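A.B. asks: Supplied in structure tokens, the structure appears directly below.
Where a number appears in this text, it was derived from the coordinates with a stated rule and is not lab data. Quick caveat: nothing in here was measured; it's all calculated off a predicted structure. FYI the Cβ positions are ideal-geometry reconstructions off the backbone, even for glycines, and counts take in every protein chain you see.
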Amino acid sequence: MVQNALGVVEFVSIARGVEALDIMLKAAEVTLYIATPLCPGKFTVVIGGEVAEVETSLNSAVAFGEDNVIDKMVIANLHPSVFPALNAAAEFEIREAIGIIETWSISSAILAADAAAKAANIQLMEVRVARGLGGKAFVTLTGNVSAVTSAVEAGAAIAAREGILVGTSVIASPHPDVWEALK
């Protein structure tokens, strides 16, 4: 299946969110990346696939969820490295530096990861979303110091425009235990 788009939808109700998830997966051929309850009592779904399939799936959830939908978004032309990073399945080599972009929402973290991957020659490590983070999300990436700095700045600019950037870090020559902690 071609993966070039992501759909994100958030529900105010966990029960309606799970029911909408079933409808979404039956409505179109998409890949489920995330389906999880989040603080404070929300339910978020992230799916991937071709743009038309993602839109069909997301629209079915919105039609069903109506008043329970908090937010929704389709992100087209996503950098291919974002997809494995969502499942913490990205393959990467330990490089000179680690970059971190922390945001207040899943959508902004995904957009930040996409911008970072497109801005510089880096490898995405993970896009970690909200579970146990009080609704926050963060992106980790690696590369040489200048590339990581450029990528973090590009990703942070996306979240800052929306007013939901929490913070960033660029760590040159991280201690080996830091690499282990982020695996």
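A.B. asks: Could you calculate the contour length gain from Ile171 to Val12, that is, 0.36 nm times the residue separation minus the distance between their Cα atoms, to one decimal place in nm?
C.D. replies: 53.6 nm
A.B. asks: Please work out the FRET efficiency for the pair Val62 and Arg161, using the Cβ-Cβ distance as r and a Förster radius of 22 Å; give the result to the nearest 0.05.
C.D. replies: 0.35
A.B. asks: In whole Hz, with x marking every Gly and Pro, tabulate ³J(HN,Hα) for the stretch 80-87 from phi via Karplus 6.51 cos²θ - 1.76 cosθ + 1.60, θ = phi - 60°.
C.D. replies: Values per residue, Gly and Pro as x: x, 6, 6, 4, x, 5, 5, 9 Hz.
A.B. asks: With runs of 4+ DSSP H residues as the only contributors, calculate the mean residue ellipticity of the chain at 222 nm using -39,500 (n - 2.57) per run, divided by the residue total and rounded to the nearest 500.
C.D. replies: -12500 deg cm²/dmol
A.B. asks: Quick one: what do you get for the chain if you divide its Cα Rg by 2.2 N^0.38 Å?
C.D. replies: In units of the 2.2 N^0.38 Å rule of thumb, it is 1.02.
A.B. asks: Does a label point 7 Å from the Cα of Lys26, set along Cα-to-beta-carbon, have any residues of the stretch 46-77 with amide nitrogen under 20 Å, and which are they?
C.D. replies: Counting only backbone N, you get 46-48, 53-69.
A.B. asks: A follow-up question, please. Set the Förster radius R0 to 35 Å, insert the Cβ-Cβ distance between Val145 and Asn4 as r into 1/(1 + (r/R0)^6), and round the FRET efficiency to 0.05.
C.D. replies: The pair Val145/Asn4 has a calculated efficiency of 0.70.
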